[in-house]
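Take a look at the structure set out below.
The values are calculated or read from the model by the stated rules, or taken from the named source; none is laboratory data. Keep in mind it's a predicted model, so treat the numbers as computed, not measured. So basically every Cβ, Gly included, is an ideal-geometry build from the backbone, and we count neighbours across all protein chains shown. Side chains included, ligands, DNA and RNA excluded: accessible areas come from the protein's heavy atoms. Shrake-Rupley method; radii C 1.70, N 1.55, O 1.52, S 1.80 Å.
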Amino acid sequence: MKIVALLLAVLLATSAQAQNPLKLGKDLRTADPSGHVWKDGRMWLYTSHDEECQADFHMKDWYAFSSTDLVNWTNHGAVLSVKDLTWADDYAWAPDAAYKNGKYYLVFPAGTGIKDRQNPKNSTKWMGIGIAESDNPAGPFKDMIGAPLWRKPYANDPVLFVDDDDRAYLYSRTSGVNYLVAEMADDMRGLKTELQKMDMGGYEPPMEGPWVFKRKGLYYFTMPEHNRILTYYTATSPKGPWKYQGVIMEQENNANNHHSIVEYKGQWVLFYHRWLDTPGAACNKKQRHVTAEYLHFNDDGTIRKVERTDAGVGDFPRRARPGTTPGVTK
């Protein structure tokens, strides 16, 4: 009986720690998580929102969630929708966020038109990068310029990085050219410099949604290489030149991935999404769900390879070290 009781206790503990996917909301499909720690000390996630059983990524709004333990999450709902925009009505894809000038900023891709996969020449799809602001990390966010930051070239998957000197950089991928960066204007409502191509050290595979962060004076440019394998570069400047360092996470089921990396209460966390079977869904196909894993560094600053788990960061309340995370991420 003691053995049975012990096994039951182990199973219950394992079940209690199984946090992947993150419990962001029943029957809510989320992807492309952008993690940030703001001055309130909470972990904030800004995500795209997949329609149930959606076809071809026709998406309409962006969501925000927050937590103090990475286990229990508050759903703050849609913080911005394409219906709030005058220049786009579809493709509410991967967002990012930043804090500057006492405001919270949401940078996002959105677009118009239709992509004809059978006859590409008939496609009318266009996407651009917008920026919205709010006094509150939970929004609502408002498009203050009423237009994309630029109209040509076609672009998506933006990421904002605010350095320690308060200078803000926008990274994006565009039609034909990737690995681009521009410095944002001080008021965050335009670009101070033109988009420029970064030196990636000679290795420039196709990619989507990059993520940039800084640790111990070293800058990290991370990305889904070939849209599926998370890999990274390092540099001593936010504009490079960059040195390729290798794989963070392998692909799964030949499906795309999109991620963010952030430190919270002394733990580094990789947020990403998985394509999973979804019991109770209206369709019999894999759908996207936000998940998380711990991420670890070697002494030389390189990143150890991360494996996907069902437990994820379920034991974060035990691991967390309050007071070890800065009030606002950079």
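Against the criterion of being open to solvent by 60 Å² or more (accessible area, probe 1.4 Å), out of contact with any Phe, Trp or Tyr (no Cβ under 7 Å at 6 or more places or on another chain) and assigned to a loop (DSSP other than H, G, I, E, B), LYS121 does not qualify. Out of segment 237-261, which residues are open to solvent by 20 Å² or more (accessible area, probe 1.4 Å), outside any strand (DSSP E or B) and either among the aromatic types (Phe, Trp, Tyr) or more than 25 Å from ASP163 (Cβ to Cβ) (or both)? Across segment 237-261, the qualifying residues are GLU250, GLN251, ASN253, ASN254, ASN256. Against the condition of a type in the set (A, V, I, L, M) and open to solvent by 20 Å² or more (accessible area, probe 1.4 Å), how does ALA311 come out, does it pass? For ALA311, the condition - of a type in the set (A, V, I, L, M) and open to solvent by 20 Å² or more (accessible area, probe 1.4 Å) - is met. Residue pairs whose Cβ atoms lie under 8 Å apart, separated by 6 or more positions or on different chains, with the first residue in segment 298-323 and without any contact (Cβ under 8 Å) to a residue 24 or more places away in the chain and the second charged (D, E, K, R) and open to solvent by 80 Å² or more (accessible area, probe 1.4 Å), are ASN298/ARG304.
Return yes when TRP93 is open to solvent by 10 Å² or more (accessible area, probe 1.4 Å), closer than 22 Å to THR222 by Cα and of a type outside the set (Ser, Thr, Tyr) and no when it is not.
Details: open to solvent by 10 Å² or more (accessible area, probe 1.4 Å): yes; closer than 22 Å to THR222 by Cα: yes; of a type outside the set (Ser, Thr, Tyr): yes.
Taking the combined requirement at face value, the residue satisfies it.
Within segment 170-201, being under 15 Å from VAL159 (Cβ atoms) and not in a strand (DSSP E or B) holds for ASN178, TYR179, MET188, LEU195, MET198. Screening segment 217-236 for residues that are within 21 Å of HIS259 (Cα to Cα) and not in a strand (DSSP E or B) and picking the one that is most open to solvent (accessible area, probe 1.4 Å) gives HIS226.
If you take the residues of segment 132-152 that are among the aliphatic types (A, V, I, L, M), more than 13 Å from ALA97 (Cα to Cα) and out of contact with any Phe, Trp or Tyr (no Cβ under 7 Å at 6 or more places or on another chain), which of them is surrounded by the most Cβ atoms within 10 Å (Cβ to Cβ)? By that ranking, first place goes to LEU149.
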